[in-house]
1. Between residues in the range 95-108 that are crowded, with 19+ Cβ neighbours inside 10 Å and residues that are charged (D, E, K, R), which pairs lie under 7 Å by C-beta distance while being six or more apart or on different chains?
2. Checking residue 187 against (1) surrounded by fewer than 19 Cβ atoms within 10 Å (Cβ to Cβ); (2) of a type outside the set (Gly, Ala, Ser); (3) in contact (Cβ under 8 Å) with a residue 12 or more places away in the chain, only one condition comes out false. Which one?
3. Being under 19 Å from residue 209 (Cβ atoms) and in contact with a Lys or Arg (Cβ under 6 Å, 6 or more places away or on another chain): is that true of residue 133 here?
4. Tally time: how many residues in the range 99-135 are assigned to a strand (DSSP E or B) and either more than 9 Å from the chain's Cα centre (by Cα) or small (Gly, Ala, Ser) (or both)?
5. Tell me, yes or no, whether the range 153-168 has at least one residue that is at pLDDT below 95 and among the hydroxyl-bearing types (Ser, Thr, Tyr).
6. Given the condition buried (at least 23 other Cβ atoms within 10 Å of the Cβ) and either touching a Leu at 6+ places or on another chain (Cβ under 6 Å) or not polar (S, T, N, Q) (or both), answer yes or no: does some residue in the range 162-180 qualify?
7. Give the residue that is nearest to residue 86 (Cα to Cα), with candidates limited to residues of the range 111-144 that are at pLDDT 95 or above and charged (D, E, K, R).
8. Would you please name the residue that is farthest from residue 44 (Cα to Cα), looking only at residues in the range 84-94 that are surrounded by fewer than 22 Cβ atoms within 10 Å (Cβ to Cβ) and not aromatic (Phe, Trp, Tyr)?
Amino acid sequence: MNKKDDFFLRTQIDNLVSRIKGEEFRLDKQIPLSYLLSFFFQKSVALIYGKLYFLRKNRILIHPTSKIRCKKLLQFGNNLVIDRYCYIDALSKEGIKLGKNVSIGRYTTIDCTGSLRTLGKGLVVGDNVGLGTHGHYGCAGGLYIGSDTIMGNYVSFHPENHNFEILDIPIRLQGVNHKGIIIGKNCWIGAKVTILDGTYLGDGCIVAAGAVVKGTFENNSIIGGIPAKTIKLRQ
């Protein structure tokens, strides 16, 4: 393929992806064309599989290796991407509600109910959210993630706690309690962050890799450490 044809094809891909996402998109010019063709072939297969799996008008790409349980409780906007080997169980009181342009990285688990003794609350995710690979999203006590938030790899959310006050009864038999987790808009959660029940992050927060987070943090906080504390505010 000559340079003129290569440029034309890349431009068409840029324009197509920009229209789908609703925002400007430009490919890195160093990406080999063979890689691009293979990539878009895989995405086309995932798109066809998603259409056949859900039979809905919404555009959804699902890798055939991923598993979804209680799919009737999964609502989503256009351009949902579910990568390889994900496990999503939507069984809960309120189900899973995903906005448009949400991507779920490979080997991610979303589990809305921790125990069949008590249904969990569920998960709400805004628009343009990226959930990194190998994440664990517990949703028993309710998990809300605002629009334009991005997650690193291996993050975990735990909106549930075991009761343990009674000494002569095994902890596993004392039940659980929930407060829920709320993550604001336009946040960046670094790799291997753990977020515990009762946490509230305001809009625009950044959480450093490896932090263990519990508590309330104001808008535009930069957070890090074990236990996590506010390092400074974004100016």
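1. 99/127; 101/21; 101/127; 104/83; 105/83
2. Evaluating residue 187 over (1) surrounded by fewer than 19 Cβ atoms within 10 Å (Cβ to Cβ); (2) of a type outside the set (Gly, Ala, Ser); (3) in contact (Cβ under 8 Å) with a residue 12 or more places away in the chain leaves (1) as the failure.
3. Yes, satisfied.
4. 8
5. For the range 153-168, residues at pLDDT below 95 and among the hydroxyl-bearing types (Ser, Thr, Tyr): absent.
6. no
7. Here the answer is 111.
8. The residue in question is 93.
The values are calculated or read from the model by the stated rules, or taken from the named source; none is laboratory data. The shown structure was predicted, so the numbers you read here are calculated from the model rather than taken from an experiment. As a convention, Cβ positions derive from the backbone with ideal geometry for all residues, glycine included, and neighbour counts pool all protein chains shown.
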